[in-house]
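S.K.: I have a structure I would like to understand better, so I am pasting it below and will then ask my questions one at a time.
Since every read-out is calculated from the coordinates, none of them should be taken as a lab result. All values reported here derive from a predicted model rather than from experimental measurement. Neighbour counts are summed over all protein chains in view; Cβ atoms, including those assigned to glycine, are modelled from backbone coordinates with ideal geometry.
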Amino acid sequence: MSVRRLAEDQFQPAAFAFNAENTVWAEKTIKKYPDGRQQSAIIPLMMRAQEQEGWVTKAAIETIADMLDMAYIRALEVATFYTQFQLHPVGTRAHVQVCGTTPCMLRGAEGLIKVCKSRIHDHAFERNADGTLSWEEVECQGACVNAPMVVIGKDTYEDLTPARLEEIIDAFAAGKGSEVPTGPQIDRVFSAPEGGLTSLLSDEAKTRSAAGKAKAAAEAVSIPPSEAGRAKSTDAETNQSLKTPATAPKEAAKNAKATETQPLSGTAASAAVSEKAGSAPKPLLTDKDRPAAIEKPAQLDDLQLISGVGPKIESILHEIGIFTFAQVASWKKAEREWVDGYLNFRGRIERDDWIKQAKALAKGGEAEYIKVFGKKPR
């Protein structure tokens, strides 16, 4: 991390005080913490001071330290450690934070940085001539699927091109930043595919989607040839593996015909009937694969110690006569599949390895569980 110091004295105001609204908010925020722990409020208070003043001044740091009964050096440590705090004056109308992490760089962040240098200042953290704009390069801002992007204030501006960022900067410079739409700057809904959905569409919707993709491609920042070739190959593989709505009925008919030639019985027959009706099958209590039930013992095992078993699942297990770890540990594959279907949590028993957990708990309780798994149950 680079060395972070407070701004020179010539920039520092003589004093700081929260305005009336923020004073009420700060007092309420401090009360959220128990007695003796009020110093934990320092980060939200510093953020509110930065929102009020535009940056964190020395006077603000000391005022907040006094409010929280902290030594000044402790408050200064927080302010200088977290890069979210601006320790020097920034643009009064916009401080543009350009994401420079790998996804954004691959999608054209360097072009955005060039715009900031040409429209604001050659150097990061330096303000333009009017003092209204400044910029910096930052690490990942969490909108990788919409790369490249910038953050201004609390808002993100995504799917940018250099030309679009110029328009946004000009709007903020003119004091019209509030009129700029936030989020994706192309034909995209949040993080949905560019140009709209690409699968399970009607022929008409496919046409619209193709047009949208073409438009997005024309507006997008160019991708390196190596990446473009890889993307083209991936698209071809994907298209080859997917069935379109037009062919789906034929495939479904073929599958149905194949199924009719194979007699079904027991749970398989029940599953086929249920699947045809459009819902997941639930095994019958009279099924031969149902695990053996026992009478409710005087001392029950706490089945919730098995990871994956909560209060609801435990109550259902009790209803079908499962009360002990030993019962669960003895389940064979067919019995596990029956319980999986009855609980309607397909694959949970295998995924969470109930059998191994139950065997350990049945053998030696929590001590054996810790020995086997290296941690306490639940």
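S.K.: Give me the net charge of GLU166's neighbourhood, meaning all other residues with Cβ under 13 Å from the Cβ of GLU166; Lys, Arg count +1, Asp, Glu -1.
M.R.: In short, +2.
S.K.: What order do you get for 119-126, 97-104 when each peptide is scored by the mean count of other beta carbon atoms within 10 Å, highest first?
M.R.: Result, highest mean first: 97-104, 119-126.
S.K.: Taking a virtual spin label 7 Å from the Cα of THR92 along the C-beta vector, which residues in region 158-201 bring their backbone nitrogen under 20 Å of it?
M.R.: 169-179
S.K.: Going by how many other beta carbons lie within 10 Å of each one, how would you line up LYS375, LYS359, fewest first?
M.R.: LYS375, LYS359
S.K.: At 7 Å along the Cα-to-beta-carbon direction for both ASN344 and PHE373, put a label point, then send me their distance in nm to one decimal.
M.R.: Computed distance between label sites ASN344 and PHE373 equals 2.6 nm.
S.K.: Per residue of region 105-122, in order, report the coupling 6.51 cos²θ - 1.76 cosθ + 1.60 (Karplus, θ = phi - 60°) as ³J(HN,Hα) in whole Hz, putting x for Gly and Pro.
M.R.: Each residue's phi maps through the Karplus curve to give 5, 5, 9, x, 4, 4, x, 5, 5, 4, 5, 4, 5, 7, 9, 10, 6, 5 Hz.
S.K.: Evaluate 2.2 N^0.38 Å with N set to the residue count of region 303-373, then give the Cα radius of gyration divided by it.
M.R.: 1.02
S.K.: Arranged from highest to lowest average of other beta-carbon atoms within 10 Å per residue, in what order do the peptides 30-41, 71-82, 300-311 appear?
M.R.: Listed from highest to lowest mean packing, they are 300-311, 71-82, 30-41.
S.K.: If you don't mind, another one. Considering only Cα-Cα distances, which of the following residue pairs are longer than 32 Å: LYS32/LYS117; LYS31/LYS117; LYS296/LYS375; LYS288/LYS363?
M.R.: The answer is LYS32/LYS117; LYS31/LYS117.
S.K.: A follow-up question, please. Efficiency by 1/(1 + (r/R0)^6): what FRET value for GLU179 and ALA7, r their Cβ-Cβ distance, R0 = 30 Å, to the nearest 0.05?
M.R.: So, using R0 = 30 Å, E works out to roughly 0.45.
S.K.: I would also like to ask the following. What GluC sites (Glu not before Pro) does region 289-323 have in DSSP loop regions with at most 16 other beta carbons within 10 Å?
M.R.: Here the GluC sites (Glu not before Pro) that fit, given the DSSP loop and packing criteria, are GLU295.
S.K.: List the residues, sorted by chain then number, that are 5 or more residues from GLY183 or on another chain and whose placed amide H is less than 5 Å from its amide H.
M.R.: THR156, TYR157, GLU158
S.K.: Same structure, new question: Which shape class, rounded, prolate or oblate, goes with region 1-143 when its Cα gyration tensor gives a ≥ b ≥ c as root eigenvalues, a/c under 1.5 marks rounded, and past that a/b bigger than b/c marks prolate?
M.R.: Prolate.
S.K.: Taking 0.36 nm per residue of sequence separation and subtracting the Cα-Cα distance, how much length would be gained by fully extending the chain between VAL24 and ASP352, in nm to one decimal?
M.R.: Computed gain between VAL24 and ASP352 is 113.2 nm.
S.K.: If you take the square roots of the eigenvalues of the alpha-carbon gyration tensor of region 9-81 and sort them as a ≥ b ≥ c, do you get rounded (a/c under 1.5), prolate (a/b over b/c) or oblate?
M.R.: Because a/c hits 1.5 or more and a/b fails to exceed b/c, region 9-81 counts as oblate.
S.K.: Mark the label point 7 Å from the Cα of SER330 along Cα→Cβ and return the residues of region 346-370 whose backbone N is within less than 18 Å of it.
M.R.: Residues passing the 18 Å test: 354-365.
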